[in-house]
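S.K.: The structure under discussion is supplied below as structure tokens; questions concerning it will follow.
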Amino acid sequence: SIINGFKSGVFVFTGVIISDIILILLSYFSATLFPQGGNTEMIVRICGAVFLITMGVSNLRTHKKILFPKADNKNPYLLASKGFMLNILNPGNYLSWLAVAATLHNVLHFSNGQRWLYYSGALLGIFGMEMLISFSANWFKKFISDKFLHKLDVVLGIVFIVFSLLLLKPLILGK
């Protein structure tokens, strides 16, 4: 979107949404493999917290450099494939959807209808955010610098760590 504009971004996030639908379906059926009750909630919370702490520490330790590579290819199928592959090959995405699915099924005991409503809302939210990112990417380009990326990494690192602690809070302090 930053280089090729809004239309290219739409094709990329179309691939992202398609891969998210596949990941949701995989995690939806995988979540039923987790036993209900017992230690399931504790295990999901600990795994989620470890994942978020790892992401948070990683963000705090990395120093990214700005790269705006030349991207002359505007083939819609290639752009959608890029979005699809980038999203589906990221193990964090599957783990995130699996954690959501396990929480909805085993911890919150959502019915099938409630889970599909949740997933539909999540996909609509992702679609809206991707649309906003694509629309505003060119405008944001002028603000992006190495210093900005470092500050963003620090903020995101802190957010990830705070959310990991919130996941662990009921285990540490009790419900």
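S.K.: Only one of these is more than 17 Å from PHE13 (Cα to Cα), over 17 Å from the mean Cα position of the chain (by Cα) and either at pLDDT 85 or above or basic (Lys, Arg) (or both): LEU117, LEU67. Name it.
M.R.: None of the other options fit; the residue is LEU117.
S.K.: Restricting the range 115-128 to residues that are surrounded by fewer than 18 Cβ atoms within 10 Å (Cβ to Cβ) and in contact with a helix residue (DSSP H, G or I) (Cβ under 9 Å, 6 or more places away or on another chain), which is farthest from LEU52 (Cα to Cα)?
M.R.: Across the range 115-128, the extreme among qualifying residues is TRP116.
S.K.: Can I ask one more? Among (1) modelled with pLDDT under 90; (2) under 30 Å from PHE148 (Cβ atoms), where does GLY56 come up short?
M.R.: Status for GLY56: all satisfied but (1).
Here's the yes/no breakdown for (1) surrounded by 13 or more Cβ atoms within 10 Å (Cβ to Cβ); (2) in a loop (DSSP other than H, G, I, E, B); (3) of a type in the set (Lys, Arg):
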{"site": "VAL100", "(1), (2), (3)": "yes, no, no"}
{"site": "PHE110", "(1), (2), (3)": "yes, yes, no"}
{"site": "GLY113", "(1), (2), (3)": "no, no, no"}
{"site": "LEU132", "(1), (2), (3)": "no, no, no"}
{"site": "TRP139", "(1), (2), (3)": "no, no, no"}
{"site": "LEU167", "(1), (2), (3)": "yes, no, no"}
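S.K.: Right, another one. Could you please let me know if SER136 is under 15 Å from GLY56 (Cα atoms) and among the polar types (S, T, N, Q)?
M.R.: Considered against the rule, which asks whether it is under 15 Å from GLY56 (Cα atoms) and among the polar types (S, T, N, Q), SER136 comes out as no.
S.K.: Of all residues in the range 73-91, count the ones that are farther than 17 Å from ILE17 by Cβ and either touching a His at 6+ places or on another chain (Cβ under 7 Å) or assigned to a helix (DSSP H, G or I) (or both).
M.R.: Residues in the range 73-91 being farther than 17 Å from ILE17 by Cβ and either touching a His at 6+ places or on another chain (Cβ under 7 Å) or assigned to a helix (DSSP H, G or I) (or both): 1 in total.
S.K.: Sort out which residues of the range 137-151 are closer than 18 Å to GLY5 by Cβ and either out of contact with any helix residue (DSSP H, G or I) (no Cβ under 9 Å at 6 or more places or on another chain) or of a type in the set (A, V, I, L, M) (or both), and write them in order of number.
M.R.: Those that are closer than 18 Å to GLY5 by Cβ and either out of contact with any helix residue (DSSP H, G or I) (no Cβ under 9 Å at 6 or more places or on another chain) or of a type in the set (A, V, I, L, M) (or both): ALA137, TRP139, LYS141, LYS142, PHE143, ILE144.
The values are calculated or read from the model by the stated rules, or taken from the named source; none is laboratory data. Note that this is a predicted model, so its numbers are computed, not measured. Virtual Cβ from ideal backbone geometry, glycine too; neighbours counted across all protein chains shown.
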